[in-house]
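> Can you keep this structure in mind? I'll have questions shortly.
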Amino acid sequence: MKVIILCGGLGTRLREETEFRPKPMVDIGGRPILWHIMKLYAHHGFREFICALGYRGSAIKEYFLNYEAMNNDFTICLGAKCNTRLHGFHTEQDFHVTLADTGADALTGDRVRRVERYVDEETFMVTYGDGVADVDIRALAAFHKSHGKLATVTAVRPLSRFGMISVQGEQRVTTFSEKPRLDGWMSAGFFVFNRGVFDYLREDPCTLERDPLERLAREGELMAYRHEGFFYAMDTYREYKHLNDLWDTGKAPWKVWK
């Protein structure tokens, strides 16, 4: 099953890191967040990726074109008969990565539609290039297959951005909770779709999260896979720092691979 990763956003709220590179190329622990997302899927057996590129997509192309040289020792013979011999081994040996330019200003639905020609199976996955999680991708795929609907979204409980308090009587604080989980559910991405979803993406421009998903929900074709574990999106510099702190201290919940 192929995994489409949306890699085209501007990342304006993370301008410190995205002025000269796309957000999926922002590092966590010395590796792009895109690499971390791929490693999660690969851990569960999904190793065919389609990167829907936009803003500074050439940086992502260059990363993969140079991947072998940058992740192995090598011997190179220069001159007219130039050749390179790699030494070593990395665990991404059988990743298949399609890099597709979907337009600098395209919306999320447009990007998915524009890579349709690379999707050759009935079922495929879509996620964002800026969020990490410890989602059990195999269980997610099995859940999607079990209900028979067109679409599945992974749902997580949102965290409050602020400390929450309860006040009673004469302004007495009875509880204080620093950034608790809130009631309700929010989309974390990590979608599973059947090909019929492409029929919901025909309008141009098209934002996946608006009319297509709203219509799928109205028609009873959208199901939620509830994930109670870790999820974190990197939208701001503070969130970038938090993810790097988790990685640097060996406490990264999304690192499920060895």
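Here, each number is a calculation from the coordinates, and none is a lab measurement. Please read these numbers as outputs of a predicted model, since none were measured by experiment. Note: ideal-geometry Cβ built from the backbone for every residue, glycine included; neighbour counts use all protein chains shown.
> Using alpha carbon centroids, what distance separates the range 191-215 and the range 100-174, in Å?
Taking the Cα centre of each part, the range 191-215 and the range 100-174 sit 14 Å apart.
> What does the convex hull of the alpha-carbon atoms of the range 5-47 project to on average, in nm²?
That works out to 3.3 nm², a quarter of the Cα hull's surface.
> Quick check: the angle from helix 33-43's long axis to the longest principal axis of the chain, C-alpha only, nearest 10 degrees?
Helix 33-43 sits at roughly 90 degrees to that axis.
> If the only charges are +1 at each Lys and Arg Cβ and -1 at each Asp and Glu Cβ, what is the size of the charge dipole of the chain around the Cα centre, to the nearest 20 debye?
320 debye
> Share of Cα-Cα pairs in the range 29-83 beyond 17 Å, in percent?
54 percent
> For the range 1-113, calculate the relative contact order in percent as a whole number, restricting contacts to Cα pairs under 8 Å that are 6 or more residues apart.
32 percent
> Take peptides 128-138, 244-254 and line them up by average Cβ neighbours within 10 Å, highest first, as a rough protection proxy.
128-138, 244-254
> Quick one, can you get me the convex hull of the C-alpha atoms of the range 60-105 expressed as volume per residue in Å³? Before the final figure, lay out the partial values.
Numbers: hull volume 5.3 nm³, N = 46.
Hull volume normalised by residue count: 116 Å³.
> Now for a separate question. Mind scanning Lys39/Lys81; Lys39/Lys61; Lys2/Lys149 and naming the pairs with a C-alpha gap bigger than 27 Å? Before the final figure, lay out each step's value.
Working: Lys39/Lys81 35 Å; Lys39/Lys61 18 Å; Lys2/Lys149 18 Å.
Beyond 27 Å between Cα atoms: Lys39/Lys81.
> Follow-up. For the range 109-258, state what percent of all Cα-Cα pairs lands in each successive 10 Å bin, counting from 0 Å until the bin that includes the largest distance.
9, 32, 31, 19, 7, 2, 0
> Skipping prolines and chain starts, which residues have an amide H placed within reach, meaning under 5 Å, of the one on Lys2, given they are 5 or more residues away or on another chain?
Met125
> Going by average Cβ neighbours within 10 Å, how do the peptides 52-65, 69-82 rank, with the highest at the top?
52-65, 69-82
> A further question on this structure: Per Stokes-Einstein, at 20 °C and 1.002 mPa s, what whole-number D in µm² s⁻¹ belongs to the range 1-129, with the Kirkwood radius over Cα pairs as the hydrodynamic radius? Each step should come with its number before you reach the end.
Values: Rh = 15.8 Å.
My calculation gives 136 µm²/s for D.
> Next question. Give the angle, between 0 and 90 degrees and rounded to the nearest 10, that separates the Cα long axis of helix 237-248 from the longest principal axis of the Cα atoms of the chain.
The answer is roughly 70 degrees.
> Taking the convex hull of the alpha carbon atoms in the range 56-166, what volume per residue do you get, in Å³?
Measuring per residue, one finds 238 Å³ for the Cα hull of the range 56-166.
> Further question: Using only the alpha carbons of the chain, what is the convex hull's orientation-averaged projected area in square nanometres?
In nm², the orientation-averaged hull projection of the chain is 17.9.
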